[in-house]
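In what follows, a structure is listed as structure tokens, so that the remarks can point back to it.
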Amino acid sequence: MPYPYVLLSAAVSLDGYLDDTGPDRLLLSSPADFDRVDEVRASADAILVGAGTLRADNPRLLVNSPERRAARRAEGRAEYPLKVTVTASGDLDPDARFWHTGGDKLVYTTDKGADPAARALGPTADVVALGPELDWRALLEHLHDVRGVRRLMVEGGGTVHTQLLQQGLADELQLVLAPLFVGDPAAPRLFGPGGYQGGRLHLTETRRIEDVVLMRYEPTAPGTGPEPTAADRHWLRTACELAALCPPSRTAFSVGAVVVAADGTELARGHSREGGDPVVHAEEAALAKTDPADPRLAGATVYSSLEPCSRRASRPAPCARLIVGAGVRRVVTAWREPDTFVTAADGTGVLVDAGADVVLLPEFEGLAKLPNAHLLP
């Protein structure tokens, strides 16, 4: 199911701490960066923090700028983003500033924590139980489908950031590096131990803001199995954008494809009719640029804006067979092939029968169809 765009926001010391152990919160950002954070908040539909952050920092999480709040109203949006917290126990302080400022509030908790949270907060907040355990995918799906959240800003704490990154659910990390050291092993750190994506994240921006540095990163490692990740959405969007490079045709679809290794390294990309070949398909063009002996293909994912073909007249092997022959066992696509040129096409069936996982992300179907609008009813 579709999820909101998840943006993690944090400021850390040079040695990776979110705070010290003193009684007052350690201010890591500069005044200009606090204003940047206010701008990011104003762009969000919802702001989320863990219950531990509420207890430790007692934040308000407001859009402070009157101009930005006015702009939200002019756009038909609520003056303040929805404020969200997550708690397994339901142990929440009803006197915290979080509950008495800003707009609507929402609590996600477990079956066990729902009653304590509802008793503590009364009509102050909506309480949603996610089951016996906290389930981030169920939470994001509920935010998207029930509350209409398309852009979610997450402001901590470290446990929340760690879980979202480790589960592949963070689309972007905005990290501010402050020029000081904490050095106290008892102080909270931004990220905890555990399994993160292999390889390197993609750096999209660096910016000096007074005496701090903003760095923006995107995770790049594909998911595994049938569960999609934020990086899957990034790469599939890239494949859909590649389809726009195809020379138009009245007899074939415009398709883009990217082959990505398990650590997020792009191995190849291609698009239909690339290089002046009037019949080459996107997956075929991309796989032709890889080394058949590359061991990374076995753990790679092919992203294709259209379901790989199962039958074709222009080449001996359809793209689904080419993918299987290359050793790839995971495919992410935006759009099942319609009957426009081939009746009852089923590249997914060919791939699944060969042991591959096929992930369909229908939220990208519209983007995949754009360069093919002239072929569709």
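The values are calculated or read from the model by the stated rules, or taken from the named source; none is laboratory data. Since the structure is predicted, the reported quantities are computational estimates derived from the model, not experimental observations. Please note: Cβ atoms are built from the backbone with ideal geometry, for glycine as well, and neighbour counts cover all protein chains shown.
Miscellaneous remarks
- Just one of the listed residues (G276, G366, G355) is modelled with pLDDT of 95 or more, surrounded by fewer than 19 Cβ atoms within 10 Å (Cβ to Cβ) and farther than 20 Å from C240 by Cβ, namely G355.
- Residues satisfying the stated conditions in region 73-98, i.e. acidic (D, E), without any contact (Cβ under 8 Å) to a residue 24 or more places away in the chain and within 18 Å of V63 (Cα to Cα): E75
Here is a yes/no grid of residues against (1) closer than 19 Å to L165 by Cα; (2) assigned to a loop (DSSP other than H, G, I, E, B); (3) not assigned by TED's automatic domain parsing to the domain that holds Y17:
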position: D184; (1), (2), (3): no, yes, no
position: G192; (1), (2), (3): yes, yes, no
position: G195; (1), (2), (3): yes, yes, no
position: R200; (1), (2), (3): yes, yes, no
position: T206; (1), (2), (3): no, no, no
position: V213; (1), (2), (3): no, no, no
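- Only listed residue being of a type in the set (S, T, Y), within 23 Å of F364 (Cα to Cα) and within 12 Å of the chain's Cα centre (by Cα), chosen from T238, T229: T229
- The one condition in (1) closer than 19 Å to A356 by Cα; (2) assigned to a helix (DSSP H, G or I); (3) touching a helix residue (DSSP H, G or I) at 6+ places or on another chain (Cβ under 7 Å) that R237 fails to fulfil: (1)
- Checking each residue in region 189-227 for being touching a strand residue (DSSP E or B) at 6+ places or on another chain (Cβ under 6 Å), basic (K, R) and modelled with pLDDT under 95 picks out only R189.
- Flag if A326 is free of Cβ contacts under 8 Å to residues at least 60 places away in the same chain, in contact with a Cys (Cβ under 9 Å, 6 or more places away or on another chain) and surrounded by 17 or more Cβ atoms within 10 Å (Cβ to Cβ): no
- Check on F34, under 25 Å from L130 (Cα atoms) and surrounded by 13 or more Cβ atoms within 10 Å (Cβ to Cβ): no
- Checking each residue in region 107-123 for being assigned to a helix (DSSP H, G or I) and surrounded by 16 or more Cβ atoms within 10 Å (Cβ to Cβ) picks out G113, A114, P116, A117, A118, A120, L121.
Per-residue answers, yes or no, for (1) surrounded by fewer than 20 Cβ atoms within 10 Å (Cβ to Cβ); (2) hydrophobic (A, V, I, L, M, F, W, C); (3) under 19 Å from R336 (Cα atoms):
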{"site": "A178", "(1), (2), (3)": "no, yes, no"}
{"site": "V182", "(1), (2), (3)": "no, yes, no"}
{"site": "G192", "(1), (2), (3)": "yes, no, no"}
{"site": "Y217", "(1), (2), (3)": "yes, no, no"}
{"site": "A244", "(1), (2), (3)": "yes, yes, yes"}
{"site": "G264", "(1), (2), (3)": "no, no, no"}
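- Selection over region 322-367 of residues that are closer than 20 Å to L287 by Cβ and either under 19 Å from the mean Cα position of the chain (by Cα) or not assigned by TED's automatic domain parsing to the domain that holds S310 (or both) gives a count of 7.
- V154 under 25 Å from the mean Cα position of the chain (by Cα), surrounded by 14 or more Cβ atoms within 10 Å (Cβ to Cβ), in the same structural domain as A56 (by TED's automatic domain parsing) and more than 26 Å from D171 (Cβ to Cβ): no
- Enumeration of residues in region 275-306 that are part of a helix (DSSP H, G or I) and in contact (Cβ under 8 Å) with a residue 24 or more places away in the chain: A282, E283, E284, A285, A286, L287, R296, L297, A298, G299
- Selection of region 29-82 for residues being hydroxyl-bearing (S, T, Y) and part of a helix (DSSP H, G or I) yields S43, T53.
- Of the residues in region 9-18, none is β-branched (V, I, T) and assigned to a helix (DSSP H, G or I).
- Exactly one residue out of L26, L8 is modelled with pLDDT of 95 or more, among the aliphatic types (A, V, I, L, M), in contact with an Asp or Glu (Cβ under 8 Å, 6 or more places away or on another chain) and on the phi < 0 side of the Ramachandran plot: that is L8.
- The selection criterion, being β-branched (V, I, T), touching a residue at least 24 places away in the same chain (Cβ under 8 Å) and surrounded by 20 or more Cβ atoms within 10 Å (Cβ to Cβ), does not hold for T251.
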